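Report on one structure; see the data block that follows.
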Amino acid sequence: MSTTKVAIAPMKVAQIPKAGADFEIVEREIPTPGAGQVRIEVRACGVCHSDLLTKEGAWPGIQYPRVPGHEVAGVIDELGPGISEWQKGQRVGVGWHGGHDGTCLECRRGDFGNCRNMKIAGISYDGGYQQYMLAPVEALVAIPERLNDVDAAPLLCAGITTFNALRHSGAFPGDLVAVQGIGGLGHLGIQFANKFGYNVAAIGRGPENAALATKLGASVYIDSKSTNAAEALQEMGGAQVILATAPSSKAMSELIDGLGTNGKLMVIGATFDPIEVTPVQLISGSRTIQGWASGIPTDSEDTLRFAELTGVRAMIETYPLEKADEAYARMLSGDAQFRVVLTM
């Protein structure tokens, strides 16, 4: 009697053969999970700007070929030895936090998000641009049943980053909170800020974003091309928090004077050029600047449950896995509205 060895059947993979190379669609054998791992049948995977780190080899130590993708939504297909807390068939995701060592000083203090040896799906190991992937059990995120895979995927990076930054910002319901940028991060930040009960000011460049900002939940739209945004915020009493989502240090620097007393510039838009600020700007009004990374899997679960409850959703363009190169180019162009997701 013949048997079918599912674990070695071919699967489709969109991989980067070497740093700077184009995507190639290849077939690989479906991997078998080892101890501490599960195998996920990937249903959707977001295409994030941070995937550039894998595509261009900008993260030290990446081994190629490598499969990008850290906004993974799917279902557990197989459990590794000794795993009992998760079940086959359970819907799960994997976000930016793809695992931690549990032994470094930060982990011993419970600060897993700052693990010195943190793993990242698509960088430390193959991510979600494939039909099946292996993931360490500590990276798994439970996905609520009423949230579909395509909607869940971008919430595992862009969603958790904005949600988690806002809920740790110190702002209270009714406070003036400004969201700089109406893009992949910003359009989610406006929605979360609105659902948190903040008085939301959206800051964009050009009048064409005004209607969308209002639809997403902003109380006011500030066009930074025609208006001094910092002065506009001060006329409203000063922002308790400015969530800086667009990767422009110049734009962030120009907003610092828009902070109110004890106001905080919360930086989540990643860029390498310096934010310019004088000590007097910070001393006056006791202002602060804080960076914020995404979060750990339990933070992702909080994000997904809150989105499920309140209706926060990313605006998404989908592409099949076979068109990973087109999807990546679309994301990189900045023209996508607003997140790009691969479907398997």
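The values are calculated or read from the model by the stated rules, or taken from the named source; none is laboratory data. Since we're looking at a predicted model, the values are computed, not measured. When we count neighbours, we look across all protein chains shown, and the Cβ atoms used for this are built from the backbone with ideal geometry, even at glycine. Heavy atoms of the whole protein, side chains included, go into the accessibility calculation; ligands, DNA and RNA do not. Shrake-Rupley method; radii C 1.70, N 1.55, O 1.52, S 1.80 Å.
Some points to look at:
- Within segment 277-305, the residues that satisfy the criterion of being of a type outside the set (D, E, K, R), surrounded by fewer than 18 Cβ atoms within 10 Å (Cβ to Cβ) and assigned to a helix (DSSP H, G or I) are PRO279, VAL280, GLN281, LEU282, ILE283, THR298.
- Taking the numbered list (1) at pLDDT below 95; (2) under 20 Å from THR271 (Cβ atoms); (3) open to solvent by less than 60 Å² (accessible area, probe 1.4 Å) in turn, THR245 passes all entries but (1).
- Of all the criteria given as (1) modelled with pLDDT of 95 or more; (2) more than 15 Å from PHE306 (Cβ to Cβ); (3) open to solvent by 20 Å² or more (accessible area, probe 1.4 Å), the one not satisfied by ARG205 is (1).
- Condition check for ALA329: more than 30 Å from GLU27 (Cβ to Cβ), out of contact with any Leu (no Cβ under 7 Å at 6 or more places or on another chain), open to solvent by 30 Å² or more (accessible area, probe 1.4 Å) and of a type outside the set (Lys, Arg): no
- Within segment 84-100, the residues that satisfy the criterion of being surrounded by fewer than 20 Cβ atoms within 10 Å (Cβ to Cβ) and modelled with pLDDT of 95 or more are TRP86, GLN87, LYS88, GLY89, GLN90, ARG91.
- Filter pass, GLU56 being open to solvent by 80 Å² or more (accessible area, probe 1.4 Å) and closer than 30 Å to THR271 by Cα: yes
- From the options THR54, THR32, residue that is within 30 Å of GLY183 (Cβ to Cβ) and of a type outside the set (A, V, I, L, M, F, W, C): THR54
- Test: residue in segment 317-334 that is closer than 13 Å to ASP151 by Cα and at pLDDT 95 or above: yes
- Pair list, Cβ < 9 Å and 6+ apart or interchain, from segment 147-170 residues that are over 15 Å from GLY295 (Cβ atoms) and in contact (Cβ under 8 Å) with a residue 40 or more places away in the chain to residues that are surrounded by fewer than 24 Cβ atoms within 10 Å (Cβ to Cβ) and of a type in the set (S, T, N, Q): ASP149/THR343; VAL150/THR318; VAL150/THR343; GLY170/GLN240; GLY170/ASN262
- Total residues in segment 64-89, condition basic (Lys, Arg) and either in contact (Cβ under 8 Å) with a residue 40 or more places away in the chain or not in a loop (DSSP other than H, G, I, E, B) (or both): 1
- Residue in segment 16-34 that is open to solvent by less than 40 Å² (accessible area, probe 1.4 Å), part of a loop (DSSP other than H, G, I, E, B) and modelled with pLDDT under 95 present: no
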